[in-house]
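Below is one structure, written out as structure tokens, with a few remarks after it.
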Amino acid sequence: MKTFYIETFGCQMNAHDSEKVVGTLLEKGYSQVERAEEAELVLYNTCSIRDKAEQKVFHRLQQFKRDAGAGKVFGVLGCVAQQEGERIFEKAPHVSLVAGSASYTRLPELLVQLEAGNRRVTGLDLNTDLAFDTPHTRRDNPHRAYITIIEGCDKSCAYCVVPFTRGPERSRTSESVLREASELARMGYTEVQLLGQNVNSYRDPSPSGWDFAQLLAGVGDIEGMRRVRFTTSHPRDFVKGIIDAIDSSPSLCNHVHLPVQSGSTKILTAMDRQYTRDEYMRRIEWMKNARREIAITTDIIVGFPGETDQDFEQTLDLLDQVEFESMYVFKYSKRPNTAALQYDDHIPEEEKTRRLLIVQEKQRAIQIRRNAEYVGRVEEVHVEGYNKATSQWIGRTTQHKTLNFIDADVREPQEGRTLVGKYLDVLVTRASPNSLAGESIATRPVLQ
Ligand code: 5AD
Ligand code: SF4
């Protein structure tokens, strides 16, 4: 068994875990193939944040087994693996490996057991001390890298599976984070994204005892690091020091993703979010009063049990008040083990859909208005790719907005000539609800 295929579902944490899994497998002599059909070992790194995400993996397993699964070894990794454990063997008997993210340090050992012909191998321990710290990460992107700073989550939001799938909170030492970031800068990476389910509760376990704001500033100070992002934040642990760090270090991106979930304090309490609407708004005020202009994005859940029309109106009102740069909105989905499962007053599916559409429509109008304000401005982009269909380069601004542009000099990628990975100043000439478009400007003081 020497070839593997991996497919990843879910968040950036999962995407980065897959990079570590790939690195570990390559190190063990496996080679990666692009199509599941060609692989001896087929891995799915799964997400269970909402029911739909969970169903996807079972669908994939069934479909693949039927079509071309004969003779292959199947492994389920990630959050569904942790949540369902050995039940996966019952639901999908052709699966041989089930391992949650907290057990990936044992992955090489599990692979040896598989190779020895073991039919059923599991890694489901949640309380491992070590984060999945591997020297063999195979990063997908040569310019922008993920760095895990904290694993797991100690909160108990009433809707959320993550504390059950990713285990208790464990922070990495600041020394090890800084070492990885410096090494990445040395390799030519100019942008990093610090990852954790709740990066704000980061606490350095080594004697220096850094908090998140200190770590952020420390990474921002590394030579060659032009953009530092972080995700995801919990409003309860989001302190003013983070804004101060962003204000004083230009390499820290002026974008904060701060999931609010609801605009109603009653619903926030039922969700056990540990903040009120007013407390959330105080954090928004910090950002609006910052010296730099900070782009704020969020997540919303509609149709949480007990959400009345008045509660929902309060969410709509909050959207008007904050005017988020962009957002993800979800219909509440029942998850195993979570407190909200036991709540009364579950909202009918059609009503959740109705509310979802209202939020989406409102936010679309806000984004049309906000994005229009960018027209005429010059924004620095980090170039990510090229879109053949539109003949435009694809860039990201520091606020994490997509800015597609044309460049008079390099109209398209050519042999040995690409803009990907470079930083350019772009004049914004058009705006749509989800992206901006423009032209790079002739003077290029920041061409790397
Ligand atoms: N139902 C719907 N949305 C959820 N999220 C987390 N759990 C659920 C659930 N059970 C959303 C939250 C979170 C984002 C990652 O997913 O908005 O911030
Ligand atoms: Fe999905 Fe949450 Fe797991 Fe990420 S941590 S893969 S969002 S369930």
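Taken over the range 300-342, the criterion of being buried (at least 16 other Cβ atoms within 10 Å of the Cβ) and assigned to a loop (DSSP other than H, G, I, E, B) is satisfied by 303, 304, 305, 306, 307, 324, 325, 332, 333, 335, 338.
Residues in the range 151-185 that are buried (at least 21 other Cβ atoms within 10 Å of the Cβ), more than 11 Å from ligand 1 (Cβ to nearest atom), among the hydroxyl-bearing types (Ser, Thr, Tyr) and more than 18 Å from the chain's Cα centre (by Cα): 174 only. Put simply, of 359, 426, 375, 420 the only residue that is part of a strand (DSSP E or B) and in contact (Cβ under 8 Å) with a residue 40 or more places away in the chain is 426.
Residues in the range 232-256 that are assigned to a helix (DSSP H, G or I) and at pLDDT 95 or above: 11 in all.
None of 315, 297 is within 16 Å of ligand 1 (Cβ to nearest atom), in contact with a His (Cβ under 6 Å, 6 or more places away or on another chain) and among the polar types (S, T, N, Q) except 297. Is at least one residue of the range 154-163 on the phi > 0 side of the Ramachandran plot, in contact with a Cys (Cβ under 9 Å, 6 or more places away or on another chain) and in contact (Cβ under 8 Å) with a residue 24 or more places away in the chain? Checked the range 154-163: no residue is on the phi > 0 side of the Ramachandran plot, in contact with a Cys (Cβ under 9 Å, 6 or more places away or on another chain) and in contact (Cβ under 8 Å) with a residue 24 or more places away in the chain. Does the range 69-76 contain any residue that is more than 16 Å from ligand 1 (Cβ to nearest atom), at positive phi and of a type outside the set (S, T, N, Q)? Yes, the range 69-76 contains a residue that is more than 16 Å from ligand 1 (Cβ to nearest atom), at positive phi and of a type outside the set (S, T, N, Q).
Could you check how many residues of the range 257-283 are assigned to a loop (DSSP other than H, G, I, E, B) and in contact (Cβ under 8 Å) with a residue 12 or more places away in the chain? Number of matching residues: 11.
Considering the range 202-227 alone, what residues qualify as being part of a loop (DSSP other than H, G, I, E, B) and in contact with a Gly (Cβ under 9 Å, 6 or more places away or on another chain)? Matches in the range 202-227: 202, 210, 224. Annotation for the range 55-76: no member residue is in a helix (DSSP H, G or I), within 16 Å of ligand 2 (Cβ to nearest atom), closer than 23 Å to residue 151 by Cβ and of a type outside the set (A, V, I, L, M).
Hey, can you tell me all the residues within the range 25-41 that are assigned to a loop (DSSP other than H, G, I, E, B) and either within 15 Å of ligand 1 (Cβ to nearest atom) or of a type outside the set (Lys, Arg) (or both)? Those that are assigned to a loop (DSSP other than H, G, I, E, B) and either within 15 Å of ligand 1 (Cβ to nearest atom) or of a type outside the set (Lys, Arg) (or both): 29, 30, 33, 34, 39, 40.
The residue that is farthest from ligand 2 (Cβ to nearest atom), counting only those in the range 159-193 that are in contact with a helix residue (DSSP H, G or I) (Cβ under 7 Å, 6 or more places away or on another chain) and among the hydrophobic types (A, V, I, L, M, F, W, C), is 178.
Quick grid of which residues meet (1) surrounded by fewer than 14 Cβ atoms within 10 Å (Cβ to Cβ); (2) of a type in the set (Gly, Ala, Ser); (3) under 19 Å from residue 254 (Cβ atoms):
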{"position": "377", "(1), (2), (3)": "yes, no, yes"}
{"position": "387", "(1), (2), (3)": "yes, no, no"}
{"position": "394", "(1), (2), (3)": "no, no, no"}
{"position": "397", "(1), (2), (3)": "no, no, yes"}
{"position": "400", "(1), (2), (3)": "no, no, yes"}
{"position": "428", "(1), (2), (3)": "no, no, yes"}
{"position": "431", "(1), (2), (3)": "no, yes, yes"}
{"position": "440", "(1), (2), (3)": "no, yes, no"}
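Going by what's in this entry, would residue 112 be described as modelled with pLDDT of 95 or more, more than 16 Å from ligand 2 (Cβ to nearest atom) and either part of a helix (DSSP H, G or I) or on the phi > 0 side of the Ramachandran plot (or both)? In short, no. Here is the figure for the range 162-201: residues that are assigned to a loop (DSSP other than H, G, I, E, B), more than 18 Å from residue 128 (Cα to Cα) and among the small types (Gly, Ala, Ser) total 1. The conditions of being in a helix (DSSP H, G or I), within 16 Å of ligand 2 (Cβ to nearest atom) and on the phi < 0 side of the Ramachandran plot are not met by residue 44. Taking the range 1-24 as the range and being within 16 Å of ligand 2 (Cβ to nearest atom), out of contact with any helix residue (DSSP H, G or I) (no Cβ under 6 Å at 6 or more places or on another chain) and part of a helix (DSSP H, G or I) as the test, the residues that pass are 12, 13, 15, 16, 18, 19, 20, 21.
The values are calculated or read from the model by the stated rules, or taken from the named source; none is laboratory data. Note that this is a predicted model, so its numbers are computed, not measured. Positions of Cβ are backbone-derived with ideal geometry, glycine not excepted, and every protein chain shown enters the neighbour counts.
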